[in-house]
Every structure is written in structure tokens, then in C-alpha cells.
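Taking it in order: structure first as C-alpha cells, then the write-up.
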Amino acid sequence: MTDGPRELSHDLPRTPADEATLEARRGKLKVATISLCGCWGCNLSTLDLDERLLPLLDRVTIDRSSFTDIKRITGRCDVGLVEGGVANEENIETLRHFREHCDVLVSVGACANWGGVPSLRNSIGLGECLATAFLDSPTAVPGDRPTIPLHPEIPQLTDRVYPCHEVVHMDYFLPGCPPSNDAVFAVLDAVAHGRPIELPTSLTHFD
Ligand code: SF4
């Protein structure tokens, strides 16, 4: 059994493998990704780039991301791709961390841009939403006394689901649920080649 993936932290002694990884990353643009309150579908659009990812990786390295399993941003990043809206205190902290460490933040997909499907709870109210899910659930066992889960390690839900730009400044917005892989590629390719990010209407309209 291996120890599993390790973060490249400045606090840990580096192994030869860490040094090799750091050497390969030197000089490349750093991209970080995060999924807040979303379904990971926008991230799948990035994976859907398939073989187009390979030449990009000559110029771009992926820092904190569920693709790399690096849990915290390891240093200054050029671009952060944010999927999902803000639905709990942990999402707020993570999004602020991204804003602090990324030069450019891209709001990726409907959930990040305006709350998306999770924001349907905004029209109900948090109290009623929790009661429906936990107290009055049709799947509750008769005779049980259901409670709303409460634990210090469970992030506290925000009163509503917020789009990312209502929490921190976002630089670009990529619409869609999810955005197409072509739209994600347009962003990453522009970043990799030092061009301004420009998204033609064909990639941002779904009529
Ligand atoms: Fe999933 Fe759509 Fe939200 Fe992306 S925008 S996280 S695909 S629900």
C-alpha cells in the first residue's frame, strides 16, 4: 500500500520525486480549480478536452485541483477556475483563498455565475428547506424523531446560495450548464499562449 498523493507543501521535506515535479512545473503557468456547490459537471468539461489537454500541459501546470488531489494552493497561481456557487461557510473561505492566490478568477458555469440548480432553495428559505429534507422527509422512518444534522465539522449553510461574484470579484464568466469543452479550451488556450481571454458568441449562447 502506498502513502497516496502528497501535497507539495513548503513545510514538508521534499523527496527527489517532489523535486522532479517542481522542476517540471518551473516556468509554466499555474492553474488551480475548485468545485464549490456544484455537481462537478463543469470539471468534466475540462476532462472532456481529451487529447487537447496534452499540448496545453507543456505550458500549463495544475496546482490545487481535484484533478491533482492537491488540497491547498501551494503558491501564487495565474488562473483559478471556479465551479459551483457559494452555499456554506467553507465555500466562502475557499473562494476567498482562491481570490487571494489567483491573478485571474474565472466563474465557470451556471452555478458559479448565478447559483444554478442549488439556488432553487433560495425561493423556499433555509429553515423550510432543512425541515423538508430532514424533519418532514417522506423517507423518514415512522416513529423516529428526526433531527437536523449539526456538528462543528459540518460546514454551516449560508442563508441562500450565492453566485461567486457576490462574494469576491470574478474576472471572467463562462456560461453554460456545463460550459462546452470548446469554451473551457478557449480559456485555457488563451492563458497558455498569453492572449487575452475572448469568448466568441458561438461559445457562450445556447439558443
Ligand atoms: Fe453542474 Fe451545471 Fe452547476 Fe456546472 S453549472 S456544476 S454542470 S449543475
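Of everything in segment 163-183 that's open to solvent by 50 Å² or more (accessible area, probe 1.4 Å) and in contact (Cβ under 8 Å) with a residue 60 or more places away in the chain, which residue is farthest from the ligand (Cβ to nearest atom)?
Taking segment 163-183 and keeping what is open to solvent by 50 Å² or more (accessible area, probe 1.4 Å), we get 165-166, 169, 171-173, 177-178, 182.
So of that shortlist, the ones also in contact (Cβ under 8 Å) with a residue 60 or more places away in the chain come out as 166, 169, 171-173, 177-178.
Details: Glu166: 16, His169: 20, Asp171: 18, Tyr172: 15, Phe173: 12, Cys177: 3, Pro178: 4 Å.
Restricting to residues being open to solvent by 50 Å² or more (accessible area, probe 1.4 Å) and in contact (Cβ under 8 Å) with a residue 60 or more places away in the chain, the top hit is His169.
Taking (1) surrounded by 15 or more Cβ atoms within 10 Å (Cβ to Cβ); (2) in a loop (DSSP other than H, G, I, E, B) in turn, Val191 satisfies each apart from (2). Residues in segment 122-148 that are among the polar types (S, T, N, Q) and open to solvent by less than 30 Å² (accessible area, probe 1.4 Å): Ser137 only.
Only one of the numbered conditions (1) modelled with pLDDT under 95; (2) in contact with an Asp or Glu (Cβ under 6 Å, 6 or more places away or on another chain) is violated by Thr61, and that is (2).
I'd like to check which helices (runs of 4 or more DSSP H) are fully inside segment 21-121 and have at least 3 residues that are open to solvent by 40 Å² or more (accessible area, probe 1.4 Å) and out of contact with any helix residue (DSSP H, G or I) (no Cβ under 9 Å at 6 or more places or on another chain).
Numbers: elements: 41-47, 53-56, 89-101, 110-114.
Fully inside segment 21-121 and qualifying: 89-101.
From the list Ala186, Ala192, which one is free of Cβ contacts under 8 Å to residues at least 40 places away in the same chain and on the phi < 0 side of the Ramachandran plot?
Numbers: Ala192 fails: free of Cβ contacts under 8 Å to residues at least 40 places away in the same chain.
Of Ala186, Ala192, the one residue that is free of Cβ contacts under 8 Å to residues at least 40 places away in the same chain and on the phi < 0 side of the Ramachandran plot is Ala186.
Within the option set Pro146, Pro155, being touching a helix residue (DSSP H, G or I) at 6+ places or on another chain (Cβ under 6 Å) and farther than 22 Å from Gly85 by Cα holds for one residue only, Pro146. When Leu130 is evaluated against the numbered criteria (1) under 17 Å from Tyr162 (Cα atoms); (2) assigned to a helix (DSSP H, G or I), which criterion, by number, is the only one it fails? Status for Leu130: all satisfied but (1). Applying the set (1) more than 17 Å from Val184 (Cα to Cα); (2) away from the ligand (no atom under 16 Å from the Cβ) to Leu53 leaves exactly one unmet item: (1).
Yes/no per residue for (1) under 12 Å from the mean Cα position of the chain (by Cα); (2) over 26 Å from His151 (Cα atoms):
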site	(1), (2)
Arg52	no, yes
Ser66	yes, no
Ile73	no, yes
Val86	yes, no
Thr94	yes, no
Ser107	yes, yes
Ala110	no, yes
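The values are calculated or read from the model by the stated rules, or taken from the named source; none is laboratory data. The structure presented is a predicted model; accordingly, all values stated were derived computationally and were not measured. In this analysis, Cβ positions are derived from the backbone assuming ideal geometry, glycine residues included, and neighbour counts consider all displayed protein chains. Note: accessible area is taken over every heavy atom of the protein model, side chains too, but ligands, DNA and RNA are not part of it. Shrake-Rupley method; radii C 1.70, N 1.55, O 1.52, S 1.80 Å.
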